[in-house]
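The values are calculated or read from the model by the stated rules, or taken from the named source; none is laboratory data. Just so we're clear, the structure is a prediction, and the values are computed from it rather than from any experiment. Glycine gets a Cβ as well: all are built from the backbone with ideal geometry, and neighbour counts include every protein chain shown. Side chains are part of the model used for accessible areas, which takes the heavy atoms of the whole protein and leaves out ligands, DNA and RNA. Shrake-Rupley method; radii C 1.70, N 1.55, O 1.52, S 1.80 Å.
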Amino acid sequence: MTQNSGLARAFDDLADSYDHGHHEAVARALIALVEPGADDVVADVACGAGAVALQLAQHRQAAARPVLAVDLSPGMVAAGKIRAASLGVEGAVDWRVTDAVPLPVGDHCVDVVFCASSLHFLGRPALADWHRALRPGGRVGFTLPLATHFRASKDFAQHLAHDVPLPESAEEARIWAASYGWTNVASRVHAFGTRRVVLVCASSPDTRS
Ligand SMILES: C[S@@+](CC[C@H](N)C(=O)[O-])C[C@H]1O[C@@H](n2cnc3c(N)ncnc32)[C@H](O)[C@@H]1O
């Protein structure tokens, strides 16, 4: 069993009892920070059951391309499709069950990349891939758990990426993102009950100017 198939299975097992309340709130706060346009080309990386993708789907312009939603876990994506049907937005999300790194898109053709509650599984290669996928000046919105408030359960601890340090503050996350070439970095701590996550919004450099 590869690392990724073990992780996919762990999330498949979680799909029926997934904590939608927390993840919906994180996704809502992240979208509010990034403020994507209703017709932007958007990817939801490691989308799970579509916390970000489904909120965007409900506000898409009719002619906009479906939100690309990519996840390793067939169970999480199946749950996302059921939720999309209940919201009446089936056509507004393009679901793919595959590794999200690299994203299944060409170079520099995405306006906004979202990655909620997942970068700590994907690792640093995701950051480089988002620079590749985003158009110059395109934006990214991602979250990381705040180190002081996070303890991974046994099933998930073994899958954490060792090259993504969990920040102890929003400022630490801002500096970390800037060190990987992101510009206009904004970050803040989001609280939901006893949980704390850092939200980060940034731009890919516009090298044309
Ligand atoms: C905590 S969940 C977050 C899901 C969703 N973004 C949300 O906010 O609810 C983490 C997700 O990352 C996915 N994942 C982890 N590594 C992945 C990879 N390399 N490619 C695609 N999906 C991945 C898992 O399958 C899982 O659905």
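Summary table
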read-out	value
All positions within the range 88-104 that are among the β-branched types (Val, Ile, Thr), surrounded by 15 or more Cβ atoms within 10 Å (Cβ to Cβ) and assigned to a loop (DSSP other than H, G, I, E, B)	VAL89, VAL101
Cβ-Cβ under 6 Å pairs, at least 6 apart or on other chains, the range 131-144 side open to solvent by 10 Å² or more (accessible area, probe 1.4 Å), far side hydroxyl-bearing (Ser, Thr, Tyr)	HIS131/SER204; PRO136/THR207; GLY137/SER203; ARG139/SER203
Failed condition for ALA64, given (1) assigned to a loop (DSSP other than H, G, I, E, B); (2) within 9 Å of the ligand (Cβ to nearest atom); (3) open to solvent by 10 Å² or more (accessible area, probe 1.4 Å)	(2)
Tally of residues being at pLDDT 95 or above and of a type in the set (Phe, Trp, Tyr) across the range 147-179	1
Hey, ALA69 within 15 Å of the ligand (Cβ to nearest atom), in a strand (DSSP E or B) and not β-branched (Val, Ile, Thr) or not	yes
The range 32-50, subset outside any loop (DSSP other than H, G, I, E, B) and farther than 19 Å from ALA126 by Cα, residue most open to solvent (accessible area, probe 1.4 Å)	ALA32
